[in-house]
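The values are calculated or read from the model by the stated rules, or taken from the named source; none is laboratory data. Treat the numbers as computed from the prediction; the structure is a model and nothing was measured. Please note: Cβ atoms are built from the backbone with ideal geometry, for glycine as well, and neighbour counts cover all protein chains shown.
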Amino acid sequence: MRRRLSRTRYGVTLPEVLASIMVLSVIAGSVTAIYMTAMQTWYRGAAETYAEQKATWAVQRMAPDLQQGMSVTAASSPYDEVCIAVRLPATTYDSGEGVHLNQVGTDTDGKPYLIAGDWAVYYRGDEYGNIAVHGDRIWRRYVRGSDGTTLKQQVIADHIIDNPDDGTGSPKAMFIYWPDIYRLRSVEVTVTVEEERGNRSAIRTMNAELALRNN
């Protein structure tokens with residue numbers, strides 16, 4: 001007589017299904033939490049980086065004009081803290097060397113002097129290029145010295161906000177003139193930018209005192 005072999009088949013019980021779901025939920029929750037934490041860290045780092053880069057670039061863009069300018073003039077109140085005009089030397093382009101060279105004249109005593117050229121005007125303004133004490137952009141306007149025609153206008157930094165408190169209860173001025181506005185020897189430039197990435201924001205302030213070599 002042949003013996004019939006039987007094999008027991010096991011199914012998945014409801015408690016096992018529920019336990020598997022719980023384990024998978026814990027794993028998915030942990031992965032999601034790690035991902036969200038990493039994204040928040042990335043957003044915060046990106047906001048800090050962009051804010052610092054923009055504030056730094058704004059100051060660095062002004063530096064050569066202020067330092068090499070033949071004269072520096074502050075705007076009249078109430079814009080003296082957010083607007084400055086720099087008279088640049090006239091230049092000619094040397095195609096052989098591939099550089100711009102200052103134009104030099106000679107006075108009646110035979111002494112050389114720089115020939116005045118156009119103006120570079122830096123100011124805080126709105127999106128349309130109008131000067132504004134609390135504007136969210138810094139503009140550079142290149143103005144022809146002979147007739148005041150605007151030759152070029154561009155934003156060098158956006159997302160500008162008021163500088164931190166200067167200790168008097170008011171925001172620090174973007175431009176501070178040393179020793180004063182009438183006896184200019186240097187200009188202290190302070191720029192603050194607020195950047196947002198995702199739901200994270202960062203504020204960075206850059207500051208530099210620029211000596212006026214030709215003033």
message: Quick check on this structure: which one of Leu88, Leu101 is in contact (Cβ under 8 Å) with a residue 24 or more places away in the chain and of a type in the set (A, V, I, L, M, F, W, C)?
response: Leu88
- line: The residue from Arg183, Arg141, Arg137 that alone is farther than 26 Å from Ala47 by Cβ and either surrounded by 17 or more Cβ atoms within 10 Å (Cβ to Cβ) or among the aliphatic types (A, V, I, L, M) (or both) is Arg141
- prompt: Right, Ala55: within 17 Å of the chain's Cα centre (by Cα), modelled with pLDDT under 95 and either in a helix (DSSP H, G or I) or closer than 18 Å to Ile160 by Cα (or both) or not?
  reply: no
message: Here's a check for you: in segment 161-180, which residue that is among the small types (Gly, Ala, Ser) and more than 19 Å from the chain's Cα centre (by Cα) is nearest to Ala85 (Cα to Cα)?
response: Ser170
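Yes/no per residue for (1) crowded, with 17+ Cβ neighbours inside 10 Å; (2) touching a residue at least 40 places away in the same chain (Cβ under 8 Å):
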residue: Gln40; (1), (2): no, yes
residue: Arg44; (1), (2): no, yes
residue: Tyr50; (1), (2): yes, yes
residue: Lys54; (1), (2): yes, yes
residue: Ala58; (1), (2): yes, yes
residue: Pro64; (1), (2): no, no
residue: Ser71; (1), (2): no, yes
residue: Ala74; (1), (2): yes, yes
residue: Cys83; (1), (2): yes, yes
